[in-house]
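**Q** One structure, pasted below without further comment.
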Amino acid sequence: MDKLIITAAICGAEVTKEHNPNVPYTVEEIAREAEAAYMAGASIIHLHVREDDGTPTQDKERFRVCIEEIKKRCPDVIIQPSTGGAVGMTDEERLQPTELNPEMATLSCGSVNFGGDEIFLNTETSILNFAKRMKERGIKPELEIFDKGMIDVALKLVKKGLVDKPLHFDFVLGVQMAATARDLVFLVDSIPEGSTWTVAGIGRYEMPMAAIAIAMGGHVRVGFEDNIYLSKGVLAKSNGELVEKVVRIAKELGREIAGPDEAREILGLKK
Ligand code: KMH
Ligand code: ZN
């Protein structure tokens, strides 16, 4: 089994300090949370950025400054900007961080109901354009999958020559598709051989999904974007605490943790 790649989704776009006061907004806070996650064992930082007042932004300059600050503290970490941004942003707004040529970025493969009237919109045209942009710039997409049909969309991108194998998937469970072992196994069985995958269980499903993925040989994403609690009713003090918990589970299950360069190797990232 490969070593375990832990991704820390440290910030997100929807969670706020009202939910957990440790959610980072400023450049300093974002760098602090990235460092805590990295020191605990995360090799990938999935990055959203905010204005100082917490407003989500995809502003290229804000990304540049945050990435510089993170790189000062975690020189070898893999930084994976979001191209999802926040609900309601235009495609051009969302694509801004790709202009910085990061090693990786997320590529959502379909639209999702986010509760109430909120829709995270990803039309076919948008998905094709996002994939094209990433291909042109040599950015490895993390294919964001909220249900099985989105895997089929990703495979069409491969057929069109817009995404290259080996593929890397992120299964986000507990939003649209239920976070159960059966659902996760179904998704894993539906991707091409030679692909890698990680799972992001939302809310209380974060750690159960992580434990299953560790046992199955997949990888794990945790962080404030997906869950703000360390355990029932106990807010996490930092993203580092969430990563530490995954590392503890992995140790108990005999799975070693990948450092950033080992993660690059496993994911087939160009150095
Ligand atoms: N905040 C969501 C609208 C991503 O980061 O690529 C988009 C999202 C997916 O979380
Ligand atoms: Zn995200």
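The values are calculated or read from the model by the stated rules, or taken from the named source; none is laboratory data. Please read these numbers as outputs of a predicted model, since none were measured by experiment. FYI the Cβ positions are ideal-geometry reconstructions off the backbone, even for glycines, and counts take in every protein chain you see.
**Q** Across region 141-172, what is the total count of residues that are in a loop (DSSP other than H, G, I, E, B) and under 17 Å from GLY201 (Cβ atoms)?
**A** Number of matching residues: 2.
**Q** Would you call PRO24 at pLDDT 95 or above and in contact with a Lys or Arg (Cβ under 7 Å, 6 or more places away or on another chain)?
**A** For PRO24, the condition - at pLDDT 95 or above and in contact with a Lys or Arg (Cβ under 7 Å, 6 or more places away or on another chain) - is met.
**Q** Does region 182-222 hold any residues that are over 19 Å from ALA250 (Cβ atoms) and aliphatic (A, V, I, L, M), and which are they?
**A** Result: VAL185, LEU187, ILE191, ILE202.
**Q** Would you pick out the residues in region 15-55 that are within 16 Å of ligand 1 (Cβ to nearest atom) and either surrounded by fewer than 19 Cβ atoms within 10 Å (Cβ to Cβ) or among the polar types (S, T, N, Q) (or both)?
**A** THR16, HIS19, TYR25, GLU51, GLY54, THR55
**Q** Tell me which residues, restricted to region 120-142, are among the acidic types (Asp, Glu) and surrounded by 15 or more Cβ atoms within 10 Å (Cβ to Cβ).
**A** Answer for region 120-142, where residues must be among the acidic types (Asp, Glu) and surrounded by 15 or more Cβ atoms within 10 Å (Cβ to Cβ): just GLU142.
**Q** For region 200-270, which fully contained helices (runs of 4 or more DSSP H) count at least 2 residues that are free of Cβ contacts under 8 Å to residues at least 60 places away in the same chain?
**A** Per the criteria, 206-216, 239-252.
**Q** Condition first: more than 30 Å from GLY259 (Cα to Cα) and away from ligand 1 (no atom under 12 Å from the Cβ). Now tell me which residues in region 77-125 satisfy that. Step through it out loud before you land on a result.
**A** Applying the first criterion (more than 30 Å from GLY259 (Cα to Cα)) to region 77-125 yields 87-93, 110-125.
Residues satisfying the conditions are THR90, ASP91, GLU92, GLY116, ASP117, THR123, GLU124, THR125.
**Q** Follow-up. Which residue pairs have Cβ atoms under 8 Å apart, sit 6 or more places apart or on different chains, and have a first residue in region 1-26 that is of a type in the set (Phe, Trp, Tyr) and a second that is away from ligand 1 (no atom under 11 Å from the Cβ)?
**A** Pairs that qualify, where the first residue is of a type in the set (Phe, Trp, Tyr) and the partner is away from ligand 1 (no atom under 11 Å from the Cβ), are TYR25/LYS17; TYR25/ARG50; TYR25/GLU51; TYR25/ASP52; TYR25/ASP53; TYR25/GLY54.
**Q** Hey, TRP197 hits all of (1) closer than 25 Å to GLU14 by Cα; (2) in a helix (DSSP H, G or I); (3) among the hydrophobic types (A, V, I, L, M, F, W, C); (4) away from ligand 1 (no atom under 15 Å from the Cβ) but one; which does it fall short on?
**A** Of (1) closer than 25 Å to GLU14 by Cα; (2) in a helix (DSSP H, G or I); (3) among the hydrophobic types (A, V, I, L, M, F, W, C); (4) away from ligand 1 (no atom under 15 Å from the Cβ), only one is false for TRP197: (2).
**Q** Here's something else I'd like to know. Among the residues in region 56-68, are any surrounded by 24 or more Cβ atoms within 10 Å (Cβ to Cβ), away from ligand 2 (no atom under 16 Å from the Cβ) and either more than 21 Å from LYS237 (Cβ to Cβ) or without any contact (Cβ under 8 Å) to a residue 40 or more places away in the chain (or both)?
**A** Scanning region 56-68, I find no residue that is surrounded by 24 or more Cβ atoms within 10 Å (Cβ to Cβ), away from ligand 2 (no atom under 16 Å from the Cβ) and either more than 21 Å from LYS237 (Cβ to Cβ) or without any contact (Cβ under 8 Å) to a residue 40 or more places away in the chain (or both), so the answer is no.
**Q** Here is a further query. Of all the residues that make up region 89-108, how many are out of contact with any Ser or Thr (no Cβ under 8 Å at 6 or more places or on another chain) and away from ligand 2 (no atom under 15 Å from the Cβ)?
**A** Filtering region 89-108 down to residues out of contact with any Ser or Thr (no Cβ under 8 Å at 6 or more places or on another chain) leaves 89-90, 92-93, 96, 99-104.
Filter again for away from ligand 2 (no atom under 15 Å from the Cβ), leaving 90, 92, 99-101, 103.
Count: 6.
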